[in-house]
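As structure tokens, the structure follows; a few thoughts come after it.
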Amino acid sequence: MVPKLRFRAFSKEYNIRKLKETADIVTGNTPSTSNSNFYGGEYMFVSPVDINEEKFVSHTKTTVSKEGFINGREIPAYSIMFVCIGSTIGKLAINSHPCITNQQINSLICNAYFSANYLYYILEKHSKKIKELAGIQAVPLINKTTFSNVELYFPNTKEQTKVAGFISSVDEKITLLNKQYDLLCQYKKGMMQKIFSQEVRFKDENGETFPEWIQTSLGTISKVYDGTHQTPNYVEFGVPFYSVEHVTADNFDDTKYISDDVFEQESKRVSIQQGDILMTRIGDIGTVKHINWIPRASFYVSLSLIKVRKSFDSKMISYCMQSDFFQKDLHKKTIHVAFPKKINLGEISNCKIKMPASKKEQTKIVILLSAIDDKIAVKKAELDKLKTWKQGLLQQMFV
């Protein structure tokens, strides 16, 4: 067994190995939470919440003291941590410093014949397949024995190092782009805070300050609609069906589809048009997306659709809805139920909006923030392209 894509210097067959042959596997434990002396120290205590898209974990939400560290199970630096319990099974990372983990995580401490980097990437490739071992149950679980007996294909140590080094260089570029993307998002957030708090004001062509801003309600300048109340039957090809995930990820390419008949039925009630605004209203409420293309799509109940009246600039309204002023009022009106929190449609219309009275000042704000958005979109496209390329490499360079 060999991969599709390989460095020319290597030709030997790969060998199948169980995970327990490649590393010592340690299941974490939680030091007693009733002992305050165990917590708040200099050592990392890793739980699934600390494992995200980054390869390395270098800090954690919760830390432990030396005493707490001793009461855990030490994981040496540069071990692989793999979530094996809960809804996030399959998430993994490498610890940059010695740490302990909670019981949801199995850590692999590689032996001398296996590269920790290579093991990380092969587990990343097969994480979804490993996750399926948990089966369908109230609390998904892959026990240590099952995890330890997972079989994967490995080359010799030299080839492991070569392959892992190449993929690591791609990861470094992804990390750099992520930082640039985050900095642009932070810059936009900072500019919006200054603009909507009126710390920064634009001047007219005569150098004079524009008139004072006005305050109104969203319902006064727009009409708010609800999405469809039932998840429809999906088809292989058809009309895109947007949901809360598309808005929160700002990605409308990867979507499910509904039939033309279902779309025609839904569009009689309300249809999405260029210039409309989508906003999440269940769960992580308040994420806003301005529709700047000509759509032919339907949308799900987790979203509200805001149709701005023609006398107002919908792009400007979308920025007003992203401001702290609007978001604070929106979250005051949320209903906290067991799961998830939500806001009623009528309350969205009642949310307060603050905006410039002058159309010219609105235009200046839209031009500035749109330029930042364009830079963010370019950086995100670069990042997505590189991530897609990496996924292709994982499929071709690992068995």
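What to note about this one:
- Heavy-atom accessible area per residue - the chain, 1.4 Å, Å²: 53 Å²
- Within region 46-105, GluC sites (Glu not before Pro) in DSSP loop having at most 16 other beta-carbon neighbours inside 10 Å: GLU53, GLU54, GLU74
- Kirkwood Rh in Å, taken over region 299-399 so that all alpha-carbon pairs contribute: 17.1 Å
- Each label was represented as a point 7 Å from its Cα along the Cα-to-Cβ direction; for ASN35 and LYS173 these points are 4.9 nm apart.
- Taking only the C-alpha atoms of region 115-199, the Rg (one decimal) and the largest Cα-Cα distance, Dmax (whole number), read 20.7, 62 Å.
- Carbon plus sulfur fraction of accessible area for region 24-147, probe 1.4 Å, in percent: 52 percent
- Applying a DSSP loop filter and a limit of 15 other Cβ atoms within 10 Å to the chymotrypsin sites (Phe, Trp or Tyr not before Pro) in region 220-250 leaves TYR234, PHE237.
- Accessible-area composition of region 166-282, carbon plus sulfur, in percent [1.4 Å probe]: 47 percent
- Nitroxide proxy distance, nm - points 7 Å out along Cα→Cβ at LYS18 and GLU53: 3.7 nm
- Separation of alpha-carbon centers, region 317-376 and region 156-173, rounded to whole Å: 44 Å
- Within the chain, percent of DSSP bridges classed antiparallel, to nearest 5: 85 percent
- Largest-first ordering by accessible area, 1.4 Å probe, given options ARG281, ARG296: ARG296, ARG281
- A Cβ-based charge dipole, computed about the Cα centre of region 244-285 with Lys and Arg at +1 and Asp and Glu at -1, lands at about 240 debye.
- Taking label positions 7 Å along the Cα-Cβ direction at both THR388 and GLU151, the computed distance is 3.5 nm, reported to one decimal.
- In whole angstrom, region 97-251 maps to an equivalent ellipsoid with semi-axes of 48, 27, 16, each derived as √(5λ) from the alpha carbon gyration tensor and ordered largest first.
- Cα-centred dipole magnitude for region 77-185, charges only on beta-carbon of K, R (+1) and D, E (-1), debye, nearest 20: 80 debye
- Both numbers refer to the Cα atoms of region 175-224; Rg and Dmax are 16.3, 45 Å.
- Ranked by solvent-accessible area (1.4 Å probe, protein heavy atoms only, all chains present), the residues HIS229, HIS126 order from largest to smallest as HIS229, HIS126.
- Neighbourhood charge, 10 Å Cβ-Cβ cut-off, centred on PRO155 and excluding it, Lys, Arg +1 and Asp, Glu -1: +2
- For the residues TRP293, TRP389, TRP213, a 1.4 Å probe over the protein chains yields an accessible-area ranking, largest first, of TRP389, TRP293, TRP213.
- When the solvent-accessible area of region 343-399 is split by element, carbon and sulfur atoms take up 59 percent of it, the probe being 1.4 Å.
- Size of the chain: Rg and Dmax of its alpha carbons, in Å, are 25.5, 76.
- Residues with amide H under 5 Å from that of SER222, placed H, sequence gap 5 or more: ARG309
The values are calculated or read from the model by the stated rules, or taken from the named source; none is laboratory data. Note that the structure is predicted; figures quoted are calculated from it, not measured. Note that each Cβ is placed from the backbone with ideal geometry, even for glycine, and that neighbours are counted across all protein chains shown. Side chains are part of the model used for accessible areas, which takes the heavy atoms of the whole protein and leaves out ligands, DNA and RNA. Shrake-Rupley method; radii C 1.70, N 1.55, O 1.52, S 1.80 Å.
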